[in-house]
Structures are given as structure tokens and as C-alpha cells.
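Remarks on the structure that follows.
The values are calculated or read from the model by the stated rules, or taken from the named source; none is laboratory data. Since this is a predicted model, take the numbers as computed values, not measurements. For neighbour counting, all protein chains shown are included, and Cβ atoms are generated from backbone atoms with ideal geometry for every residue, glycine included.
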Amino acid sequence: MARFGVAAIGKAALPGGNSPAGEKLTHSGSVNIHACSDRYAFARAAQINALRRHPWEAFGRHHRRGGCGKGQGESFSFPDWREVAVQDKPGYRKIKSLPRGLRSGNIWHPRSTCDLRKESPVRRTILFMAFTCLISTALTTLAQVDTASVVGTIRDSSGAVLAGATVTATNVDTGVKTAVQSGPDGNYVITPLKIGNYSLSAEASGFRKEVRQSIVLNVQQSIRLDFNLQVGSVTETTSVIGEPPLLETEAAALGDVVAAQQVEELPLNGRRYTDLATLTAGVAKITEGPVNGAQTPTNGNAGGSFSVNGTRGDQNNFILDGIDNNSNDNGDVAIVSSVDAIAEFKVQTSNYSPEFGRSGGAVVNATTKSGTNKFHGSAWEFLRNEALDARGYFESPSDKKAPYKQNQFGGTLGGPIIKQKVFFFGDYEGTRINSAQTVFETVPSVAETTGDFSDLLGPKSGVDALGRPVYQGEIFNPATTRTVNGSTVRDGFGFDPTTGLAIPGQANIIPKQYLDSIALNYASLYPAPNVPGAQGNNYRVNAPGTHRVDQTDARVDENISSKIQLFQRFTLVQDHRFQAPPFRGPADGGNYNTGNRPLHNRGLALGYTHTVSPKLVNDLRYGFNRIYYISNSPTYGQHYPPAGFQVPGVPNDSSVNGLTRFAPNGYRGLGEPLFTPTTVISQSFQLNDTVSLVHGKHMIKVGPEIRWDQFNMQQIAQPRGNLSFSGQFTAVDPGNQMGSGNSIADMLLGLPVSAKISTVTFFHNRQHTYGAFVEDSYKVLPNLTLDLGLRYDYATAVYDAKHRQSNFDYTKGIIVPAGTPGYPKNLATTDKYDFAPRIGLSYRPFQSRPMVIRAGYGRFFTFQEIRTGDPLQLAYNLPFFFEPTFQSDGLTPSQVTLATGFPALGPSQAPFAGVTSQDWNPHTAVYDEWNLNIEYQLPGQIVISPAYVGTKGTHLQVLMDRNQIPIASPTFDQSRRPYPQYGPFTSISNRGNSTYHAIQLKAEKRTSHGLYFLSAFTYSKAINDQPEICCNAPWPQDSYNLQAEKGLADFDNRERWVTSVDYELPVGRGKPFLNQGGALGKILGGWHIGGIVTFRSGFPFSPAMGYDPTNTGSQGLLRTDQIGSGHLAHASPNLWFNIGDFPVPACYCFGNAHKNVLEGPGEKSADVSARKFFNLSEQVRLEFRAEFFNAFNHAVFSQPDNYITDGPGAAGVITGTVIPQRQIQFALKLQF
């Protein structure tokens, strides 16, 4: 008899009996549906009366490849039930006669009973997951994604176990009770329980009832609570108010819980709860937010990412209310709810349950607050402004601080709609920021914009091939270009062509007949210099910026009955940012982060929990997240430029209209920024359910997950054209300028050295992921728990919904558009073997000592790496996208000048187009992780925990340029590329590797006697052969030598120690000191001091070159040679490393320096808070708080300039900080 994939679970789960085939089942009550011959059969693992509530209807047909003939009956066999006759119905078979208990309703199943052994592995997998999803709505769930559980053993005073004792968990806030009975071995399990404050009671006939108070349950926590009942009357009660369990005795995962108290009380600059993930051992923040949070990823969430246990920063899994909360764009969190809306969150860093898939980093599992039987609420106002902030480290004391005003305000309200039945919770938070960025730019003088460069004329700088003098800043006429004795010579504007001497009144002035009218119009947009005496940075502006955020969460929880609970949560975020560019009006001159940047986020979570019996529960979750984001300049949406500003050949496209970008070297550019407008629409839909069974010593969980991801994006580098001007056309000789020439002069003559224009395209990425897992938490011994699990995921290749993408066939050397016969439909096959085992154990070696030993191993696949920006999209390929470049040598103009404009766009105009490719048969990136951990409880509610953690990454995605010239040479020759008809390649390949080893130490004190602290120290080493894939040239320096890229990871943080603390001062009424009433007691009492202290070593970096001496066309970071350690005895921001130890290679070759051989500045910082509570009444209190970010004003420096070719005075010099100097924030918060 063939059996469906869950048959084994059914056997293990249910009471046994004999099957008609004579097979002895271990438990009775399983249901076997026999098909003809060896066709498939279904084995159900549930109490059959669940089917009365959820009739099993047809779940669709699949293609018939043979099967039972019509009329061939099938039978159901149930112990103690009569046989069921089957009657044919077109397309289906109807069970006409039902077993007892199922006589109401019809049961349908597909008529076609095809042999699953004939199906493909993918089809079998999808059928398995679909079937598991279906039956999970009728079976049990031990879903603990955002809930908790309590386990324990009931004994009498002699130590003998008590069977049949009733254990009741009562939620103190809502009054909801959950009761179970202990089994024959005295064990009980209560699950799932919503997080919160509980009391637990145990009672049995002939024994006193025992009640445990103040039991706090956290996210995904399983605590042990044993009872020893004393002989007596059940009406007698023993009440115990003691310390709640601190040790995690029933699970092997590593991580920390950050409760609502810490989320709300610890100082957070920006009030982003996910920043507290960095309090956990093994977590290293790898992107620090700049001053005033100016950096904004495309999901609108400033703050940066973090690496966990050696995994990449985009490999974390954010969950909110049991639903995926990840941005498809950059791997960051999609929706950041207010810290006052978060009940708590848990950061799991290693060996977590197989119910979590998606990636191999941390799981940041948050849950929002729910209403209770009493009305509770709060209102707050947080204030920051520049008057309270310290001046930046590199700012002059005489510089005026840039204006900055920040207000964050909001409130929460929660309570009962119907007591003990329906509860609501809602929150609103608004953010208003008004700021200005002081910007210095270089602009031409008013005279220069009209062609008069006489003010630039300087002393003699050399002689040309005719022996004529050449002057600094001299402007030459490219129309007079000629060659003399092998050298280029030109005549200067307003200079005697014979002697080279200046003609009075004419020197360095371009006659009007040479000036291009379009260029003159553009040049007139420049503002006049306003910094007297300055040559460079002669224009200063305080560019205003505003930031307005309105966000809200609304949640309703409903207890329909003691067995059915529902919840729904909706989140709305409206985020509008504006940062003015340096220039007003159409001149713009901004960058990607200037202009209007609206962001609209939506999130929905629905939960359904059905308690069939104390051991049988069903928990179903559905969720949806949507991100809509635009980044554009202030003039976006204008009509096509007027005639005087139209560059010929630039299409009139209303979606990208604006001024063509003019980029004169050494000056601020004009026109619209590159990569704008960027439009992102990211959507994720998720459905998950978990089937599980509590039976004896086993807690078995199995469940499916379905996720649909959509990522639509328009981001074009230069849709309006980009013209670069170098000054070579107005120099005496492009190859030997001798200080002559000027890029503004080149612009006024209409002669760009480079011209680019991009076609407009919009990609529509799609990916579907189907997952399923099984896990058995097996209580081998009273003090030993073994967790065994397996997860399987099937993720489709990322494809474009409109099939507008291409891949590259390296065998034939051709571009292959989607849909080409003979190639995979989605241009890549899918890895069908992503099985991820998990194993963990938790062992309590001593009955009398509070100690737990935990160990585990797990495999984790990641499916979310092809997501960021335009370098990684197969849509950016011919024939759907091309970006022709028209290059000049500074002697002869290219095909594009301002007079001629761009030619008609077509693939023929891009003879050396770049190519993006991916492996045709990619292997899913995988992390293998293992750990050993000891946890010991000390007096005073303190837990210490040393751990060893290891991670091995394999098949990680890397970027290569498979069209790089293989061998270095003195000159660049396009014909030496493997595919000379194309330019550089972005080749996405799963060839990356990484390793991580760490010793992690943690000490935590739960709040008691007014003190809480969590201190985590990590000593680690992270090695990889590829940085994170994003937009910072992550190619290797030599794509033919990946081994040379092995070195310290960019996010390697060798030592990191983070401590968070909150302490209520023992002063005032009811305290040990100054215990007195009156005004003095009220003033001195109620103060809390807290904060976060961070010490860390620096991140590694590589000395590099700003050009390619190999002439191979390498796109990577080109490292120098190394002849010394590079270390300085007294490193400082003025010179961080010895640049003389890193010379440029003397040969035309790659440097011999290894990757990341130097270490940048570390961090010593402290964020401190002082809080004071005023009790206005018994139910109302007012909190005043003052927060000091970087309280001791330590400068935390950024990495130094690592480009040796920048020369002395620049190379090795630090010019910025990664966190601001001291900032102060005041707040008032009313709580009731």
C-alpha cells in the first residue's frame, strides 16, 4: 500500500489499531484510505470529529497518467466503524455512507488516483504541501511563532507523579483561562499561550490546590513549571509568589527576549525597536546611521542592517505577529511599528526551529500589544533640536549649526470591547523633522558662465611643442587642433597664435560665435558664488529638509469561545521626506537622496486559533505587506524641457522628464539626479499553518508555508541622458594638459568627453516559495529534551511577470531572452533539494543546580539575494534595455555633441553593452550553523551563559565579471575580452564561501530590586570571499582568481561588548534612602537611570587604487602591493595608516596585498537616560525623561580614505564620523 507523505505522522500521532491489511499500527484511531493496487492512500492524523467542522472537499484534480478505472471501488477502514461504500461521480468520488460521527456532510476526493511515484519530485512536493495545508485546518497546531508554552510535571509530596491533575493557566490581563490535565506520567503541556502575565494553578482530588503567581511568558518561550501537591482538601489553596523560571530548559535555540519594558525604556535615537537587536551576542551593526538619519534605504527605513553570526546583513528574518515582515528590496524590516505598540520581541541567532525558513541570519520575532480587561493608554512627546546637540567633530567652532527640529508624538489606547471576549488596541505616532544641511559646492563665476575665463588665468606652467608658453588655466580652441612632432598643439582663445602671448582684452575669453546656445542656457542656471575669496567650495547653502511620518496600528483580539480565538492587525505608514538640492528650480544639482521621497506601507495580519482539545490546537495565519516608494527630484513631473534646454535625441517621456544631466568635472553638476525617479512596489503575501500533536513525551509539529513575493521597480541610471565634460577639449594637449583647459569651457563649446543615455524599463520580479517542516520535541528523560526537525523549501527562480528579461549562454556567446525555445522558462532551473535538518538538545545535568547545557546544529537556506537595485536584474539586458556610451579621447568629438545630440536609440547604438547573467542551474545559498551553550542561574535572578557558535556558508551568491580580460597588459584592448562585442558582465554565481567562529558570553539580570541588565560580549572571526551583494562594487579584483578574495569579511567585528541597564535609584518614599513623604520625597524619588554602552573593535578595510593598472577592465576594488604592516604607532584621523607600506604595483598587474589587512576605528559610546515618574493618581502617572545619545561626546570615526592614489594629504585621512556627537532628547509620557 502506498502511503501519502504524512502517514508516518498519522501513525505516531494517534491511537493504534489494526489496518485491514493486517498492519499493526502503534496507536488506534488512524484512518487509512485504500486505493486500488498500489495507488496512493491517505493517512489522517487527527481526531476524526474535527472533520465534522471542516468537511474535506475536493482539492482539485491533477493530470491523469493512468489510474484506477471507473467503477473500481475504494474503501475506508476505521476501527470499530463500518466499511464505507464509494459511489462514482463525474470527476469525483462521493463517500455515500459515512462512519459514525461523520454522517452529516459529504466527503469528496479526486476521482483520479494517480501513482505519485510517476509524478515529478516537484509535483509530489507541491501536492504534499497542498495536502498538508488542507488537513492542517482540521488538525492540531502547536504554533509558537509569537506565542509561548508551559510544560511541567505534577507530583505529590513523596515525589510520585500524579495523573489526571488539572492545570489551569489564567491570563491576568484578560482573564482568559486554559486548562489541561496531566498525563499518566504526570506531565502536562499548555500551548499556545499569548505572551503576558499569568497565574498557574494545579489541583487534584485529595490534594491542596497550588497557585503560582507572576509568571511572565515571552515570545516563543517554553518554560518548565513543576508542582508538588500537598495532601489536603481541594478547597485549601497554597499560593506561591516567587521568582519566575529564568533558565530556558526546553529549547536549544540561542537568542534574547527584549520585553516591552526594555523596548520602551531604553534610549533609542529614532525610536526604532529593531535597533535593540544589537544588544544580543553575535550581532554586529554594519551600517551606522549618519547624522540626523539622512541615509534612507529604498524602503524608507533609515538605520542600517546588522550581521549575525557571520551571515550577511540582508539575511535576517523579520516577523511581526507571526507574519513575514521583510522588505524584498534590501532585506531590511518592511514595517517598523512604534516602540509603544510592541509587546516584546525575540532575537534568535542560532539553531532555531525549522518552522522558520527564508534565510540563515537572525529571526527577529516581534508581537504587537493586545487589549486587556482594563482600559490602558499613553500619550507622549519627544523633542530634539540643534540647540541641545554638540557640534560635529569636524565642524569649526565658528560654524553655525545647521537647523534641526524633531518632534515625535503619539498615543496608545487599549481595552475591552466585551470583557473577557473582545479586546482592542490601537496606536498612533507622528514624526516631524525640519532640518537643513549645510552644503558647500563649487560653481563657476558669472563671467565664466558666459565664456569669460580671464579670472582663471595664472602663471606660466610649461611650453607646447612649438615652444609657445602655456599658462595655468589657459583655455584653448579645439578647432585649431593639430600635431607637431608627435604632440598635440592648439591655439589659446585670445592668445597670439605665433608667440602664444596674451592679447589684451581678449585673453581667455571664448568668442560668442563658438558658444553653444543650449550650453549657455544651462550655464545660466548656476547661482553666483557666495563665499568670498574661495576658489573651490565657493558656494554655500543651507538646503532645507522636512520629514513627516504618520503611522498607526490597530488590533482586535476576539475570544469567540474557550476554543476559538481570532485576531486581526492592520498597520499603515505614511512617510514623506523632502531634501532640497543645492540649486533652486530646474538647475537642481541634487543626488539620489534629494527631492521628494514619499513612502506608503501597509501591513495586515490575521490569526485563527482553534483549540479542538487541550492537546489539539489549530493556528492559521495570513499576512500581507506592501511598500510603495518613490525617489525623485523636486522638478519631477514637469513637462518636457523648453526648447532652449532640449538636448536633441532625448525622448519626451512623461515618466522621466526633466533636464539632461550636465556633469562638468570639478564643478557641481546641473539637471536631474541619476537613478531618478526610482519607483518601487514591493508586496508579500503569506499563508502558514502548523499541524502538531502533544502525545506523551513528544511534541510533534508539522506545517506548510506559502509565500508570494512581488518586487516591481523602475530605476534607470540616466534616462534623460548624462553628459560629462572633462576640460580635455580646451587643454593644450589632452594627454599633457599642463594645468590648462576647463570643464565649463568644454561644456560651453558643447563638447562632452562622454555621453550616456538609458532606455526606460520597469521590471516585475516574482518569486513563489513553498515550504513545509516537521519537528519533534522529544522528552527523552525528565532532564533531557531532544529537538529533531526537518524543513523543505521550494522556491521558484525569480522571474519577470512580463518576461522582459534575458540571460547569457556562455557556450554559444549569445543573449537569451525569456521564452527562447530550448532554455528554462524562467532562465534558470530551481534547486529541488533544499532539505534543512535541525537538531538540538537541552540537558539539565543536576537536579539540584539551576544549570542547562544546550547544543545544536541546523542547516538554513536563503532565497532572498537577487533583490537589490539595478546591477542584479536580468531585465537590464538587451534587447529590453541598453545604455549606449559615446566616448571621446578629448581630441576628436564623439558622435554626440550638444549640436548633434543623441542618435536614435536602438540596440545597434550599444555595441559594447554590459550584460547581467545568472547561473542556469543555481544552487541555493546555504548556511550550516552549530553551537554549544551552558546556562547557569546565580542568586539575585542573574543568568550567565557562555557559548561557542560556528557558521559555514556555502554556495553564497557572488558577482563576477566573466568578460574581464584574462591577462594584464600595458594597454586596454576591447578585442581581448572573451566576448569582445560586449562590455563588462555582472555574472551572478553561487560560488561564495564563508566561515565564522565565536566565543559569546552573556549575563542577564531580570528586573528585581529595581535593577535590570543585559551584558553580551562576542569574540569572533568572520571570513568570506565576497562582500554583501549591493551597489558598492562587490566584484573581485580578478574574476579569474576568487581564492585571492578570501579574507576577513567586511563586517568582521573581532570584539564587541554591549551592555544595557536600567536601575531605579533606591531613594525616596518606600526606598532605603531618604524614605520620607512630602515634596522632598516626591522630588527625589522615582528616578531611573539607564542606558546602552557599546565597545567594539574596528571593521577591516583594504588599501586600494583608484584606477586599473592591469588594463583588464576589472570592476572590483583593486588592491595595492604591500611591503609593510601599515600600522602606525600613533594613528589619528590625520593619518590612520602608513600609506608608504602600500605602493601601486610597478608592473601592469594586480597588487599582492590580501583582502582587508587593516582595521579601522573602533567605537566607545554610551547612550544614557534619566527618567522620573510622577504619580498623578492611583491609575495615572507622568514620566519625564532626558536621553543623551553618545553622552560622553566620543568621536566614532568612519573608515579612512583607503585610496592610495588620492595621494598624501588625502589617503589615510579620516574626514567623517559614523554616529553623531552628543545629542539630547527630552520627553514627557502620560500613562494610564
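Checking each residue in region 1184-1232 for being closer than 25 Å to residue 1094 by Cβ, in contact with a Lys or Arg (Cβ under 6 Å, 6 or more places away or on another chain) and not in a loop (DSSP other than H, G, I, E, B) picks out 1185, 1225, 1227. Suppose the filter is surrounded by fewer than 16 Cβ atoms within 10 Å (Cβ to Cβ), of a type in the set (Gly, Ala, Ser) and touching a strand residue (DSSP E or B) at 6+ places or on another chain (Cβ under 8 Å); does residue 1010 pass it? Here the answer is yes, as residue 1010 does meet what is asked.
Here residue 1174 passes the criteria (1) assigned to a strand (DSSP E or B); (2) over 22 Å from residue 383 (Cα atoms); (3) in contact with a Leu (Cβ under 6 Å, 6 or more places away or on another chain) except the one numbered (2).
Report whether or not residue 869 is surrounded by fewer than 21 Cβ atoms within 10 Å (Cβ to Cβ) and at pLDDT below 85. So residue 869 passes the test. Among the conditions (1) modelled with pLDDT under 95; (2) within 30 Å of residue 755 (Cβ to Cβ), residue 898 misses just one, which is (1). With the requirement that a residue be modelled with pLDDT of 90 or more and aliphatic (A, V, I, L, M), what does region 316-333 give you? Selection gives 319, 320, 323. Please verify whether region 812-833 includes one or more residues that are small (Gly, Ala, Ser), part of a strand (DSSP E or B) and under 25 Å from residue 927 (Cβ atoms). No - not one qualifying residue is present in region 812-833.
Out of the residues in region 1180-1215 meeting the condition of being surrounded by 16 or more Cβ atoms within 10 Å (Cβ to Cβ) and of a type in the set (Gly, Ala, Ser), tell me which one is nearest to residue 1144 (Cα to Cα). Across region 1180-1215, the extreme among qualifying residues is 1211. Within region 940-970, the set of residues being buried (at least 17 other Cβ atoms within 10 Å of the Cβ) and part of a loop (DSSP other than H, G, I, E, B) comprises 941, 961, 962, 963, 964, 965, 968.
Check whether at least one residue in region 653-666 is within 26 Å of residue 357 (Cβ to Cβ) and in contact (Cβ under 8 Å) with a residue 24 or more places away in the chain, and report yes or no. Walk me through it before giving the result.
As a first pass, look at region 653-666 and keep what is within 26 Å of residue 357 (Cβ to Cβ): none.
No: zero hits.
Of all residues in region 838-864 being in a loop (DSSP other than H, G, I, E, B) and basic (Lys, Arg), which is farthest from residue 779 (Cα to Cα)?
Filtering region 838-864 down to residues in a loop (DSSP other than H, G, I, E, B) leaves 844-850, 863-864.
With basic (Lys, Arg) added as a condition, the list becomes 844, 849.
On the way: 844: 12, 849: 19 Å.
Among those residues, the one meeting the criterion is 849.
Scanning region 952-975 for residues that are modelled with pLDDT of 95 or more and more than 38 Å from the chain's Cα centre (by Cα) turns up nothing. For region 581-589, indicate whether the set of residues that are at pLDDT 95 or above, in a strand (DSSP E or B) and acidic (Asp, Glu) is non-empty. For region 581-589, residues at pLDDT 95 or above, in a strand (DSSP E or B) and acidic (Asp, Glu): absent.
Test of understanding: among 1081, 1126, which residue is on the phi > 0 side of the Ramachandran plot and either part of a helix (DSSP H, G or I) or touching a Leu at 6+ places or on another chain (Cβ under 9 Å) (or both)? Walk me through how you get there before you give the answer.
Numbers: 1081 fails: on the phi > 0 side of the Ramachandran plot.
Among 1081, 1126, only 1126 is on the phi > 0 side of the Ramachandran plot and either part of a helix (DSSP H, G or I) or touching a Leu at 6+ places or on another chain (Cβ under 9 Å) (or both).
In region 451-466, is there at least one residue being among the aliphatic types (A, V, I, L, M), assigned to a loop (DSSP other than H, G, I, E, B) and either over 21 Å from residue 746 (Cα atoms) or in contact with a His (Cβ under 7 Å, 6 or more places away or on another chain) (or both)? Yes, region 451-466 has at least one match.
Just to verify a result, which residue in region 435-477, among those that are surrounded by fewer than 16 Cβ atoms within 10 Å (Cβ to Cβ) and among the hydrophobic types (A, V, I, L, M, F, W, C), is nearest to residue 506 (Cα to Cα)? Among those residues, the one meeting the criterion is 447. Applying the criterion of being assigned to a strand (DSSP E or B) and of a type in the set (A, V, I, L, M, F, W, C) to the residues of region 208-234, the residue that is farthest from residue 354 (Cα to Cα) is 231.
Scan region 480-505 residue by residue and report those that are among the hydroxyl-bearing types (Ser, Thr, Tyr), touching a Lys or Arg at 6+ places or on another chain (Cβ under 9 Å) and outside any loop (DSSP other than H, G, I, E, B). Break it down into steps so the answer makes sense when it comes.
Of the residues in region 480-505, the ones among the hydroxyl-bearing types (Ser, Thr, Tyr) are 480-481, 483, 487-488, 498-499.
Still in the list and also touching a Lys or Arg at 6+ places or on another chain (Cβ under 9 Å): 480-481, 488, 498-499.
Within region 480-505, 480, 481, 488 qualify.
Scan region 478-501 residue by residue and report those that are within 20 Å of residue 744 (Cβ to Cβ), buried (at least 17 other Cβ atoms within 10 Å of the Cβ) and not polar (S, T, N, Q). If you could, list the steps in order and put the result at the bottom.
So the first thing to find is which residues in region 478-501 are within 20 Å of residue 744 (Cβ to Cβ), and the list is 478-481, 490-495.
Restricting the remaining residues to those that are buried (at least 17 other Cβ atoms within 10 Å of the Cβ) gives 478, 481, 490-495.
Of everything in region 478-501, those that are within 20 Å of residue 744 (Cβ to Cβ), buried (at least 17 other Cβ atoms within 10 Å of the Cβ) and not polar (S, T, N, Q) turn out to be 478, 490, 491, 492, 493, 494, 495.
Note on region 336-353: residues that are at pLDDT 90 or above and in a loop (DSSP other than H, G, I, E, B) amount to 3.
Give the residue that is farthest from residue 435 (Cα to Cα), with candidates limited to residues of region 532-544 that are under 42 Å from the mean Cα position of the chain (by Cα) and outside any strand (DSSP E or B). For region 532-544, the residue satisfying everything is 536.
Tallying residues that are under 21 Å from residue 1043 (Cα atoms), small (Gly, Ala, Ser) and under 25 Å from the mean Cα position of the chain (by Cα) within region 1147-1163 yields 0.
Within region 744-769, the set of residues being part of a strand (DSSP E or B) and more than 30 Å from residue 444 (Cα to Cα) comprises 763, 764, 765, 766, 767, 768, 769. Under the condition of being within 30 Å of residue 903 (Cβ to Cβ) and touching a residue at least 24 places away in the same chain (Cβ under 8 Å), the residues counted in region 706-739 number 22.
If we keep just the residues of region 354-373 that are assigned to a loop (DSSP other than H, G, I, E, B) and touching a helix residue (DSSP H, G or I) at 6+ places or on another chain (Cβ under 8 Å), which is modelled with the highest pLDDT? Checked region 354-373; the qualifying residue modelled with the highest pLDDT is 369. Taking every residue in region 251-273 that is within 18 Å of residue 1184 (Cβ to Cβ) and pairing it with any residue that is hydrophobic (A, V, I, L, M, F, W, C) and part of a loop (DSSP other than H, G, I, E, B), at least 6 positions away or on another chain, yields no pair with a Cβ-Cβ distance below 7 Å.
Does at least one position in region 1058-1071 carry a residue that is more than 24 Å from residue 311 (Cα to Cα), assigned to a strand (DSSP E or B), without any contact (Cβ under 8 Å) to a residue 60 or more places away in the chain and β-branched (Val, Ile, Thr)? Yes, region 1058-1071 contains a residue that is more than 24 Å from residue 311 (Cα to Cα), assigned to a strand (DSSP E or B), without any contact (Cβ under 8 Å) to a residue 60 or more places away in the chain and β-branched (Val, Ile, Thr).
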